[in-house]
Amino acid sequence: MRFGTGLLLAVIATATLASAASAQTAIPVVATGQNAAEKTMGPEGKWVLKDGSPTYNILADGTVDWFTYSGFRRYHSECHVCHGPEAQGSSYAPALVESLKTMDYQKYFGIVASGQVGIDKNNVMPALGDNKNVMCYIDDIYVYIKAMSDGAIQRGKPKGRVDKAALQGENEKACTGG
């Protein structure tokens, strides 16, 4: 079954709002890495900033949170063909590690969901709002690229990851239909 773009965007927006709301009742977990004082973790294990934007959490030994690791996997499954390995860019599409130095989460979400035509009209980012392999993991992909952009993780497979929270597995199944 394929979601229509509008329906999938509504599902994703609802999940994002629920995630931001859950951050208000975050469980006590120590945040590490950049912006540690400005982020909290919700019950599903997702780290968010005060404005509700998803973010990463990197331990001193290089272990990443589940969502950053999932983003690494999803990025290399869905995005690297155009944007290059580790979001470094290619002759076909820009380096997302550079784009996310100035682009906020809301703009990123809009471009991924709705697409974008480049200034020269030759480069086109397709609308992926009906692609569950992207939209169900849009936060994961964002935090992975953002961690790369901020220099919080290096190129290559992350050194380790924390386990996926049970609630995240339920949310994932609800979104993907699996």
Checklist line | Residue list for the stretch 102-133, restricted to those being under 20 Å from Thr176 (Cβ atoms) and in a helix (DSSP H, G or I) | finding: Phe109, Val112, Ala113, Lys132, Asn133
Check: Condition test on Tyr69, is it in contact (Cβ under 8 Å) with a residue 60 or more places away in the chain and part of a helix (DSSP H, G or I)?
Finding: yes
Notebook entry, point to check: Thr102 fails exactly one of the following numbered conditions: (1) out of contact with any Cys (no Cβ under 9 Å at 6 or more places or on another chain); (2) surrounded by 13 or more Cβ atoms within 10 Å (Cβ to Cβ); (3) farther than 12 Å from Pro54 by Cβ. What is the number of that condition?
Noted result: (2)
Notebook entry, point to check: So, of the residues in the stretch 139-176 that are out of contact with any Gly (no Cβ under 6 Å at 6 or more places or on another chain) and among the β-branched types (Val, Ile, Thr), which turns out to be farthest from Ile111 (Cα to Cα)?
Noted result: Val162
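Every number here is computed from the coordinates shown, using simple stated rules; none is lab data. Computed from a prediction, not measured in an experiment: that's the story for all the values here. All Cβ positions, even for glycine, are placed from backbone atoms using ideal geometry, and neighbour counts span all protein chains on display.
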